[in-house]
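Colleague: Just dropping this structure here.
The values are calculated or read from the model by the stated rules, or taken from the named source; none is laboratory data. Keep in mind that what you see is a predicted model, and the values were worked out from it rather than measured. Neighbour counts run over all protein chains shown; Cβ positions are idealised from the backbone, glycine included.
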Amino acid sequence: MIEMTSAARKELSSRAHNLHPVVIIGQNGVTDGVIGKINESLKAHELIKVKFLEFKDEKQELAQEIVEKTESQLVRIIGNIAILYKENEEKKENK
């Protein structure tokens, strides 16, 4: 995966500012169901927020696990919210 530049990270972070979290990590942690929901959301929106209600101390490690399993990129973690990005190849081809 291509490393995200700081300019791209800043632009995506500003685009994510008004987004609401679409996935919430609760007491069950990062399950296959959560990964599936994140994949669906990334495919539909490309840029999403994931909120950590539980596992706040492990959010950095869990965010990295999510990135690896979804083949997405971590834009930034702000508080207990991770911003994820994954370019949708299908949308790109249809343009």
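Colleague: If I filter segment 14-22 for residues that are in a loop (DSSP other than H, G, I, E, B), β-branched (Val, Ile, Thr), surrounded by 14 or more Cβ atoms within 10 Å (Cβ to Cβ) and under 13 Å from the mean Cα position of the chain (by Cα), do I get at least one hit?
Modeller: Yes.
For (1) in a helix (DSSP H, G or I); (2) free of Cβ contacts under 8 Å to residues at least 24 places away in the same chain, each residue gets a yes or a no:
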site	(1), (2)
ASN39	yes, no
LYS49	no, no
GLU54	no, no
ASP57	yes, yes
GLU65	yes, no
LYS69	yes, no
VAL75	no, no
LEU84	no, no
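Colleague: Moving to a separate point now. For segment 24-56, which positions are among the acidic types (Asp, Glu), closer than 25 Å to SER14 by Cα and out of contact with any Asp or Glu (no Cβ under 9 Å at 6 or more places or on another chain)?
Modeller: GLU40
Colleague: Now for a separate question. Would it be correct to say that VAL34 is assigned to a loop (DSSP other than H, G, I, E, B) and crowded, with 17+ Cβ neighbours inside 10 Å?
Modeller: So VAL34 does not fit the description; no.
Colleague: So, in segment 86-95, of the ones that are in a loop (DSSP other than H, G, I, E, B) and at pLDDT below 95, which residue ends up farthest from VAL22 (Cα to Cα)?
Modeller: My answer is LYS95.
Colleague: What are the pairs, 6+ residues apart or on separate chains, where a residue within segment 1-20 that is more than 20 Å from LYS51 (Cα to Cα) has its Cβ under 8 Å from a residue that is of a type in the set (A, V, I, L, M, F, W, C)?
Modeller: If the second residue must be of a type in the set (A, V, I, L, M, F, W, C), the pairs left are MET4/LEU12; MET4/VAL75.
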